[in-house]
Amino acid sequence: MQTRSATAQPHPLLPVLEEFSTTSPTTNDEESSSSTSSESSPTPPPLSPVLAPKKQTLQLKDYRPPSTLHLIPRSSHTFTQRIVSIGIMHPEYHDLKPKELDRGEIPVHGTLGEHWWILRGALVAPVLQQLSYWAFPNYKWPIALAYPVYLVCFTGFAISCLKHFDYWAKVYGTYDEKKIGRDRIPDQSIGQLARGFLAFVIFRTLGEFYLKWDKLETPFQAFRWSTPVRYFVWLVVMDYFFYIYHRSCHEIPYLWSIHQKHHQTKHPNPVLSILADGYQEVIEIALVPLAATLIVPMRFHELYLLICYTAYVEIFGHTGIRAKWHLPITGPILSLVGCELIVEDHDLHHRYGKGGKNYGKQTRVWDVLFGTTAERIEMRGLEGLRET
C-alpha cells in the first residue's frame, strides 16, 4: 500500500532552539542584567504552524509504507525515480482535509468536454500519419516508422492524463478526504512502478500493431458509423473478461497472491493503477484486451483510439476525484439503466481489500447482474445512480 513517510522532516528552526536549550542556566545577577538588556538579547522565535508537517490521517499513526520521492530534488532522481515522478500529484492531494471544509453539492463534470480533451490528445499520431499520406501519397509508413510515432504519442497521452486529473482533483477534491489523504508513491515500489509504466505503454501499442497494423489503411477512412457502437460493445465484453478474472483473484487464494500487491493501497492515486505483480500486468495489459479484440472486429486506427479511451478510464478510476463524472463511452448510456461505473465504486473496492465488491473497471453491468455491487457512500442517493 502506498503512503507517505511517517517520519517528520526536521524543522528549519530546530538548530536555533537546540542552541538555546543547551545554554547554561543564568544566575540571579545575570537574570537582572539580562532584563535590562532584553532588547539586545536574542530570543528563539516560535515554531510557525505553517511550517509544521500537515496531518495526513485521522489515525494516531500512519501505517502506510514510507514515501519520500516527493522530497528528493528532481536533479537527484535516478532513472526509475524520474519515470515515476511524472505522476506525482499536487501536495494538497495527500493532505487530510479539515472537518469544517464544505465543498457543497457534488459537482457535475461535462462529458462532451472530456471527449474533446481525449480526442485532441489521442488523434495526434493518426493526424500525423494522415498528413503524411496526403503529402506523399506513394509513401506508406512501414512499421519501423509507425510504431515509434504511435508509441511516443500514446506515452504522451498517458502522461497528459496524469496532469489532467491532477488539476481536476485540486478543483473537486477527493473521496474520504476528511478521514485520510490520498496515498503517496511508496519507496519500496518505485522500481516496479517504473517497469510497469514502460510495460503498459510499450505492450499496449505493440499488441495492437501485431494484430491490426496495415500500412495501406488511411487513418481517417478507418472510422465508420458503427465505430461508436463497436466501442461500446468492446468495452462491455472486455469488462466481462476483466470481471471474471478480477473476481477470481479475490475468491481463489492462489490468484489473490497475484493480485494482492495492487491492494496495498487503500486510497490510490493515478500512478498506483499500475501497482501490480508481473502476472497481473500480463493479464490486464495484454490478455484481457486481446480477448475482447478477438470477438469485436476493429481496424487499427479504431483500436488505437479505443486503447487511448481505455487508458484514460483506467487512470481516472484510481484518482478518487469526487464528482459526478461519466466514463466517456459507457457512462451516459449505462446511467439510463443504473449500471454506470463511477470512480467511488473502484475507490471503495480498494478499501474493501480482499473482501471485494465492485469488480468491474469499465462498467457496472456485471457487478449488477451477479450481485457484487457495494453501497456507495458520498455518491449515495445521487439522481441517476443505482444504489446497489
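In the context of the full set of protein chains, segment 288-331 has a per residue accessible area of 20 Å² (1.4 Å probe).
Restricting the calculation to Cα atoms, segment 94-138 shows an Rg/Rh of 1.42 when the hydrodynamic-style radius is the Kirkwood one.
In segment 248-291, the portion of solvent-accessible area held by carbon and sulfur atoms comes to 66 percent [1.4 Å probe, whole percent, DNA, RNA and ligands not counted]. With a threshold of 22 Å on the Cα-Cα distance, the over-threshold entries among K163/K357; K163/K324; K163/K354 are K163/K357; K163/K354. The modelled label-to-label distance between L290 and H90, using points 7 Å beyond Cα along the C-beta direction, is 4.1 nm.
Here segment 239-388 is assigned +1 on the Cβ of each Lys and Arg and -1 on the Cβ of each Asp and Glu. Its dipole about the Cα centre then comes out at about 180 debye. For segment 65-147, the carbon plus sulfur part of the accessible surface works out to 67%, probe radius 1.4 Å.
For the listed residue pairs K215/K361; K170/K261; K170/K212, the alpha carbons are over 31 angstrom apart in K215/K361; K170/K212.
Spin-label pair Q260-Y63: with each label point 7 Å from Cα along the Cα-Cβ axis, the two points sit 1.4 nm from one another. Taking only the C-alpha atoms of segment 144-294, Rg followed by Dmax gives 17.7, 55 Å. Restricting the calculation to alpha carbons of segment 239-312 gives Rg and Dmax of 13.7, 40 angstrom.
Measuring r between the beta carbons of V229 and I252 and using R0 = 22 Å, the FRET efficiency lands at 0.05.
Considering segment 165-248 at the alpha-carbon level, its Rg and Dmax are found to be 19.0, 55 Å. Each 5 Å bin from zero holds the following percent of Cα-Cα pairs in segment 257-388: 2, 10, 18, 23, 21, 15, 8, 2, 0. Scaled against 2.2 N^0.38 Å for its residue count N, the alpha carbon radius of gyration of segment 66-203 is 1.36.
The values are calculated or read from the model by the stated rules, or taken from the named source; none is laboratory data. These numbers were taken from a predicted model, which means no experiment stands behind them. Every residue, glycine among them, receives a Cβ derived from its backbone with ideal geometry; neighbour counts consider all protein chains shown. Just the protein is used for accessible areas: all its heavy atoms, side chains included, with ligands, DNA and RNA removed. Shrake-Rupley method; radii C 1.70, N 1.55, O 1.52, S 1.80 Å.
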